[in-house]
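Throughout, read-outs are computed from the coordinates displayed, never taken from laboratory work. As the structure is a computational prediction, the values presented were derived from the model and not from experiment. In this analysis, Cβ positions are derived from the backbone assuming ideal geometry, glycine residues included, and neighbour counts consider all displayed protein chains.
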Amino acid sequence: MQHHDGAMAHDHHHGGLEADLQTMAARGLGRRSVLGLLGGGVLFAAAGCAGDTAETVASATSSGSGGASSTAAPATSGIPSIPTSGTTPVSACTAIAAETAGPFPGNGANGPNALTKSGIVRRDIRSSFGGGTMSPKGVPLTVVLRLVDTRKGCAALAGAAAYAWHCDADGRYSMYSSGVTGENFLRGVQEADAAGTVTFLTTFPGAYRGRYPHIHFEIYPSLAKATTSANKIATSQLALPEDTCNAVYATPAYRASAANFPSTPLQRDGIFADGWTTQLASVAGNVADGYTATLIVGV
């Protein structure tokens, strides 16, 4: 995979809508303002197909790291409260901000499609499946998403599905980055339970230059529909608190992330800089036991 120059990412984008959005953004319009001018009908298409400038140009940084794989169970105590009834508080009934899926979605939009592979529906997404052999190192992280319907008083989206993916401790994306194109670790699909909740067991994502630490996710109307990006009903990204990132990146497995993290604070990230109130997860736990990140996702 190319580092920093974006050569690999640009192979997947050839002007068109992306070029127009970047030109308009350069003239002072924010990303969401630009998409608003284009009309609601193109919003999700732009989010799913046009890579954001910051993420497209800044390919994942890959460098050697030390430390052994952690097998500690993710933290389960002290988790911030998530509603378990059919509806969430009115204050939480806000549609999640629409974001780009980035250049490494693995959903068939720009190359390989992990969603059609047997084994993609799973709770533990740490290792590769279906022939892959790798299990990335890192601090354990449990990601809990509560999917709610903003059109119906934030009723639980029971039976909906979420596809989540992110980079490893070295900033590599499976299926795309050099050395891991044959792997599909840190990718998985879960069906929402009666409370609209999906849970992923994973490792804390690394930081690469040009992006603040994040986790990508897409929402689908059902598990049966979660086979192609054409069926998604929302695309967004989860941000992780700065203090938690600093604690994680002080561990041996995240040496590259520790060097990259200061270069792109949340306020200057190309995706989150225009607002992250619906995307910043609540996180509890510690490095030794693992962390749990929770987020209510309004659709």
*Stick to the Cα atoms of the stretch 71-298, pair each with every other, and give me the Kirkwood hydrodynamic radius in Å at one decimal.*
17.5 Å
_Per-residue HN-Hα couplings for the stretch 281-294 [Karplus 6.51, -1.76, 1.60; θ = phi - 60°; Hz; x = Gly/Pro]_ = 6, 7, 10, 10, x, 7, 4, 5, 9, x, 10, 10, 10, 10
*In nm, what is the difference between 0.36 nm times the number of residues separating residue 277 and residue 152 and their Cα-Cα distance?*
42.9 nm
*asked:* If you average the C-alpha positions of the stretch 271-298 and of the stretch 187-266 separately, how far apart do those two centres end up, in angstrom?
replied: 9 Å
*Volume per residue, Å³, of the convex hull around the alpha-carbon atoms of the stretch 130-179?*
132 Å³
*Would you please classify the overall shape of the stretch 258-299 from the alpha carbon gyration tensor, given that a ≥ b ≥ c denote the square roots of the eigenvalues, rounded means a/c under 1.5, and beyond that prolate means a/b larger than b/c while oblate covers the rest?*
oblate
_Amide proton proximity set for residue 234, modelled H, under 5 Å, gap of 5+_ = 219
*Considering amide H positions built from the backbone, and no H for Pro or chain starts, which residues 5 or more places from residue 181, or on another chain, come under 5 Å of its amide H?*
175
*asked:* Whole-Hz ³J(HN,Hα) for each residue in the stretch 129-135, computed from phi via Karplus 6.51 cos²θ - 1.76 cosθ + 1.60 with θ = phi - 60°, x for glycine and proline: what do you get?
replied: 9, x, x, x, 10, 8, 10
*Could you calculate the contour length gain from residue 242 to residue 267, that is, 0.36 nm times the residue separation minus the distance between their Cα atoms, to one decimal place in nm?*
7.9 nm
*By how many nm would the segment from residue 225 to residue 181 lengthen if fully extended, with 0.36 nm per residue of separation less the alpha-carbon distance?*
13.3 nm
*asked:* I need the chymotrypsin sites (Phe, Trp or Tyr not before Pro) found in the stretch 263-299, filtered to DSSP loop residues with at most 10 other beta carbons within 10 Å of theirs.
replied: none
*List the residues whose amide H sits under 5 Å from the amide H of residue 147, counting only those 5 or more places along or on another chain, with H placed 1.01 Å from N in the peptide plane.*
157, 197, 198, 297
